[in-house]
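Chemist: Provided herewith is a single structure, encoded as C-alpha cells, for subsequent inquiry.
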C-alpha cells in the first residue's frame with residue numbers, strides 16, 4: 001500500500017549542550033519520508049519548498065520511493081526555516097527563529113496518482129492545511145494518522161477539532177494530551193480524546209517511551225537508553241514515519257499490529273537522536289535497524305511462563 005505524507009521540507013539550525021548543527025535539512029516530512037521508506041515502497045509527498053532547497057536531498061528521497069509530484073517548488077522564494085536551542089535535559093527547548101517563508105501561503109495539492117492511497121499521515125502543520133488534504137481525497141482512506149502540537153491548540157483549536165473528527169490515529173506528547181483533554185491523568189486524557197474522533201491515540205513521552213490507547217486497551221513501549229543523545233529534533237516525526245510506514249507496508253491497522261508499528265517507530269527514532277538532523281537516518285542500514293528492533297524486543301522480554 002502507498003502512503004501520503006504531508007508536512008514541512010525545510011531547513012533547521014539546532015544548538016544542543018553537545019554541539020551546533022549549523023543550517024541543515026529538516027522538516028517533518030523529511031524525517032517521515034526517510035523513516036517510512038524502510039518499510040513502504042511508495043510514498044507521495046505533499047509539501048512546498050523554495051528554490052534554495054538542495055536537489056541532492058530530493059534525489060535521496062526519490063531513491064527511497066518518495067514521489068515528488070505533490071511537492072511545490074516556488075522559484076525566487078525561500079524554504080521554511082526553524083532555529084532552536086535545547087536545554088541540558090534535551091526534553092525542553094527554546095525557539096530562536098521561525099521563518100515561514102513559502103509555508104505562509106501553502107495551498108496543498110494532492111496529485112492524482114496519490115488520491116487512491118489508503119494510508120495518510122498528516123504531519124504537524126496548520127489544521128486548515130490538513131483539512132484541505134482530506135477534502136481532496138475522493139474516498140475516505142483506510143487509515144488517517146494526525147500529528148499536531150500545542151501551538152495549534154493555542155491558536156487554531158476549532159480547526160484542529162474539525163480535523164480530529166476525521167482521523168483514526170492521533171500522535172501527541174504527554175503535555176499536549178493534557179492540554180487538549182484538560183485531564184492530568186493520561187488514561188483519562190486518552191478517554192476524552194477518543195470522544196473527539198480518533199479511535200487510537202499515541203502519547204509520546206520522549207526518553208520515557210510511548211503509550212498506545214485504543215478501545216480500553218493499552219500498550220507501553222519503552223525508549224531505548226542511548227549512550228549518546230546529540231539532537232532529538234525530528235525524533236517524533238521519525239517515530240510517526242516508522243509507525244505509518246510499517247502499517248502501510250503490512251496493510252494491517254489492527255491494534256496488535258499497531259503494537260509492532262510503535263516498536264518500529266521507536267527503534268527508528270532512537271537513531272535520529274544519535275546525530276544532528278537527518279544525518280543518522282540517511283546512513284542507516286537495514287541490518288542496523290533489525291539489530292535495534294531486537295534490542296527493543298529484549299528490553300521488554302521478561303520470560304513469562
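Chemist: Between 231, 252, 256, which is out of contact with any helix residue (DSSP H, G or I) (no Cβ under 7 Å at 6 or more places or on another chain), free of Cβ contacts under 8 Å to residues at least 24 places away in the same chain and either outside any loop (DSSP other than H, G, I, E, B) or surrounded by 24 or more Cβ atoms within 10 Å (Cβ to Cβ) (or both)? So that I can check it myself, show each step before the final result.
Modeler: Numbers: 231 fails: free of Cβ contacts under 8 Å to residues at least 24 places away in the same chain; 252 fails: either outside any loop (DSSP other than H, G, I, E, B) or surrounded by 24 or more Cβ atoms within 10 Å (Cβ to Cβ) (or both).
After applying the criteria, what remains is 256.
Chemist: Taking the conditions exactly as written (assigned to a helix (DSSP H, G or I) and more than 17 Å from the chain's Cα centre (by Cα)), does residue 52 satisfy them or not?
Modeler: So residue 52 fails the test.
Chemist: What number goes with the only condition from (1) more than 14 Å from the chain's Cα centre (by Cα); (2) farther than 30 Å from residue 116 by Cβ; (3) at pLDDT 95 or above that residue 272 does not pass?
Modeler: It is condition (1) that residue 272 fails.
Chemist: Then there's this: Evaluate segment 19-40: report whether one residue or more is at pLDDT below 95 and either in a loop (DSSP other than H, G, I, E, B) or under 19 Å from residue 247 (Cβ atoms) (or both).
Modeler: No, every residue in segment 19-40 fails to be at pLDDT below 95 and either in a loop (DSSP other than H, G, I, E, B) or under 19 Å from residue 247 (Cβ atoms) (or both).
Chemist: Output the residue which, of all residues in segment 191-204 that are in a loop (DSSP other than H, G, I, E, B) and in contact with a strand residue (DSSP E or B) (Cβ under 7 Å, 6 or more places away or on another chain), is farthest from residue 148 (Cα to Cα).
Modeler: Filtering first and then ranking leaves 199.
Chemist: Filter segment 79-94 down to residues that are free of Cβ contacts under 8 Å to residues at least 40 places away in the same chain and buried (at least 17 other Cβ atoms within 10 Å of the Cβ), then give me how many there are.
Modeler: Summing the residues that are free of Cβ contacts under 8 Å to residues at least 40 places away in the same chain and buried (at least 17 other Cβ atoms within 10 Å of the Cβ) in segment 79-94 gives 0.
Chemist: Filter segment 284-305 down to residues that are at pLDDT 90 or above and part of a loop (DSSP other than H, G, I, E, B) and give me whichever is surrounded by the most Cβ atoms within 10 Å (Cβ to Cβ).
Modeler: Among those that are at pLDDT 90 or above and part of a loop (DSSP other than H, G, I, E, B), it is 284.
Chemist: Looking at 132, 97, 104, can you tell me which residue is out of contact with any helix residue (DSSP H, G or I) (no Cβ under 7 Å at 6 or more places or on another chain) and in contact (Cβ under 8 Å) with a residue 60 or more places away in the chain?
Modeler: 97
Chemist: Moving on to the next point. Does residue 269 meet the test of being in contact with a helix residue (DSSP H, G or I) (Cβ under 8 Å, 6 or more places away or on another chain), closer than 20 Å to residue 66 by Cβ and part of a helix (DSSP H, G or I)?
Modeler: So residue 269 fits the description; yes.
Table: residues versus (1) touching a strand residue (DSSP E or B) at 6+ places or on another chain (Cβ under 9 Å); (2) over 23 Å from residue 172 (Cα atoms); (3) without any contact (Cβ under 8 Å) to a residue 40 or more places away in the chain.
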| residue | (1), (2), (3) |
| --- | --- |
| 9 | yes, no, no |
| 17 | yes, yes, no |
| 24 | yes, yes, no |
| 33 | yes, no, no |
| 54 | yes, yes, yes |
| 64 | yes, yes, yes |
| 67 | yes, yes, no |
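Chemist: Which residue is surrounded by the most Cβ atoms within 10 Å (Cβ to Cβ), if the candidates are limited to segment 157-190 and must be touching a residue at least 12 places away in the same chain (Cβ under 8 Å), in contact with a helix residue (DSSP H, G or I) (Cβ under 9 Å, 6 or more places away or on another chain) and in a loop (DSSP other than H, G, I, E, B)?
Modeler: Residues of segment 157-190 touching a residue at least 12 places away in the same chain (Cβ under 8 Å): 159-177, 179-181, 186-187, 189-190.
After this cut, where a residue has to be in contact with a helix residue (DSSP H, G or I) (Cβ under 9 Å, 6 or more places away or on another chain) as well, the list is 159-164, 166-167, 169-177, 179-181, 186, 189-190.
Filter once more, so that each one left must be in a loop (DSSP other than H, G, I, E, B): 166-167.
Working: 166: 17, 167: 23.
Going through the qualifying residues, I end up with 167.
Chemist: If you don't mind, another one. Where residues in segment 80-97 are within 19 Å of the chain's Cα centre (by Cα) and at pLDDT 95 or above, which of them is nearest to residue 231 (Cα to Cα)?
Modeler: 84
Chemist: Among the numbered criteria (1) closer than 19 Å to residue 174 by Cα; (2) without any contact (Cβ under 8 Å) to a residue 60 or more places away in the chain; (3) in contact with a helix residue (DSSP H, G or I) (Cβ under 6 Å, 6 or more places away or on another chain), which single criterion is violated by residue 280?
Modeler: Tallying (1) closer than 19 Å to residue 174 by Cα; (2) without any contact (Cβ under 8 Å) to a residue 60 or more places away in the chain; (3) in contact with a helix residue (DSSP H, G or I) (Cβ under 6 Å, 6 or more places away or on another chain), residue 280 fails exactly one: (1).
The values are calculated or read from the model by the stated rules, or taken from the named source; none is laboratory data. Please read these numbers as outputs of a predicted model, since none were measured by experiment. In this analysis, Cβ positions are derived from the backbone assuming ideal geometry, glycine residues included, and neighbour counts consider all displayed protein chains.
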